[in-house]
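The values are calculated or read from the model by the stated rules, or taken from the named source; none is laboratory data. Being a predicted model, the structure only gives us computed values, none of them experimental. We place every Cβ from the backbone using ideal geometry, glycine too, and count neighbours over all the protein chains shown. Just the protein is used for accessible areas: all its heavy atoms, side chains included, with ligands, DNA and RNA removed. Shrake-Rupley method; radii C 1.70, N 1.55, O 1.52, S 1.80 Å.
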Amino acid sequence: MWRDNLPPVRGKLLRDQALAPYTWFRVGGPADVLFLPKDEDDLADFLKALPEEVPVHFMGVASNSIIRDGGIEGVTIRLMGGYWGKVEPAGPHSLFARAGALDLAVAKTAAKEGIAGLSFFSGIPGSVGGAVRTNAGCYGRELKDVANQIEGITRSGEKVRFEAEIAQYGDPKIDFSYRHSNFPDDIIVTGILLTGSGDGDPAALDQEIAEHQLRRAETQPIREKTGGSTFANPDPPGTPNQRSSWKLVDAAGCRGLKVGGAQVSEKHCNFLINTGEASAADIEALGELVRARVLDVTGVDLRWEIRRIGRLKAPE
Ligand SMILES: Cc1cc2nc3c(=O)[nH]c(=O)nc-3n(C[C@H](O)[C@H](O)[C@H](O)COP(=O)(O)OP(=O)(O)OC[C@H]3O[C@@H](n4cnc5c(N)ncnc54)[C@H](O)[C@@H]3O)c2cc1C
């Protein structure tokens, strides 16, 4: 079996590794194999040598994902630890962040270095790699506004780099849209060059971060086991007739609705929460119930923003 003949690595290879503790929802089954590469060469060498039929999944800190109860087939790769978490100055008003760095670390480093225009990252509790895939953003800015270069490794182990033209909507290679990008599924992001908008006063930027975080805590259930906004707003910011998913969910009477241990947050009804004993199936079923009720009451077919990944659990 493929799992008995895995290529040698310098990082860690863990078989049947529980993933729930690595996720914001704290649900989900194990990875057949979890690979924690030591550095880029370790990752590239492993991917080169891994038989091409073995499925590979990339995971950040799962703040926008439901990992299903049956776990993830093949190899799940997570970029964590000192090497992958680095954020460093890289030229005028710029930082280079490795893909395992938390978005908050980007905002804090930018403040320390006096770089304006990157504080918005402090509102997003994910990793830099996840931010590329989701075109993460808040407070009127999103990743595509500040992304200059993206580095990655293909499924076959080749190092690749995408240049500055990605920073526009509608680019033929990488199309960034609201909370979404078509960054190729088979390329793992390893690092990104981010450029802010100019000089900023470190103390003022720290203050901006503190304000963002306070505002979050007041309006979102950030201390709960959650996955962020469940459904994408049907109309992206800046378009006419803007409707919010939370208003549609509220209008459909779903605030506080429960399935098993999953509940629609009372605080912000576009957030689902694991009240303690939820399974991934409870959370997904709750999301589908909300979608059906919103469609019935408002006629709007909500699109999942949260990614649902992996196998359903076979009935016992
Ligand atoms: C309380 C809360 C508030 C939130 N608020 C916001 C917000 O204001 N704005 C916002 O945009 N989001 C928000 N989110 C959602 C989430 O934080 C973002 O979508 C974030 O960018 C996801 O990053 P992640 O590391 O958790 O990605 P994951 O959930 O782990 O993965 C998301 C996707 O990215 C892919 N991926 C992850 N790492 C890599 C990599 N290195 N290379 C290639 N693909 C990769 C995964 O395969 C998956 O498809 C919020 C979430 C929570 C829990």
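With a cut-off of at least 1 residues that are within 21 Å of the chain's Cα centre (by Cα) and aromatic (Phe, Trp, Tyr), name the strands (runs of 3 or more DSSP E) lying wholly within region 1-91.
Passing ranges, in order: 30-36, 56-59.
Can you tell which of 118, 43, 95, 104 is outside the structural domain of residue 206 (by TED's automatic domain parsing) and not aromatic (Phe, Trp, Tyr)?
Being outside the structural domain of residue 206 (by TED's automatic domain parsing) and not aromatic (Phe, Trp, Tyr) holds for just one of 118, 43, 95, 104, which is 43.
Based on this model, can you work out whether residue 190 counts as touching a residue at least 24 places away in the same chain (Cβ under 8 Å), in contact with a Pro (Cβ under 9 Å, 6 or more places away or on another chain) and crowded, with 18+ Cβ neighbours inside 10 Å?
No.
Is one or more of the residues making up region 53-62 more than 14 Å from the ligand (Cβ to nearest atom) and small (Gly, Ala, Ser)?
Residues of region 53-62 more than 14 Å from the ligand (Cβ to nearest atom): 53-54.
Next cut, small (Gly, Ala, Ser) only: none.
No, there is no match, as no residue in region 53-62 is more than 14 Å from the ligand (Cβ to nearest atom) and small (Gly, Ala, Ser).
Can you spot a residue in region 124-133 that is among the β-branched types (Val, Ile, Thr), in contact (Cβ under 8 Å) with a residue 40 or more places away in the chain and within 15 Å of residue 96 (Cα to Cα)?
yes
Listed residues 266, 316, 208, 284; which is of a type in the set (Asp, Glu), at pLDDT 95 or above and closer than 30 Å to residue 77 by Cβ?
Numbers: 266 fails: closer than 30 Å to residue 77 by Cβ; 316 fails: at pLDDT 95 or above; 208 fails: closer than 30 Å to residue 77 by Cβ.
The conditions single out 284.
Being at pLDDT 85 or above, open to solvent by 60 Å² or more (accessible area, probe 1.4 Å) and in contact with a Ser or Thr (Cβ under 9 Å, 6 or more places away or on another chain) is the filter here, so list the residues in region 151-183 that pass it.
Of everything in region 151-183, those that are at pLDDT 85 or above, open to solvent by 60 Å² or more (accessible area, probe 1.4 Å) and in contact with a Ser or Thr (Cβ under 9 Å, 6 or more places away or on another chain) turn out to be 159, 180.
Collect the residues in region 97-141 that are more than 6 Å from the ligand (Cβ to nearest atom), modelled with pLDDT under 95 and open to solvent by 20 Å² or more (accessible area, probe 1.4 Å), keeping them in residue-number order.
Within region 97-141, 139, 140, 141 qualify.
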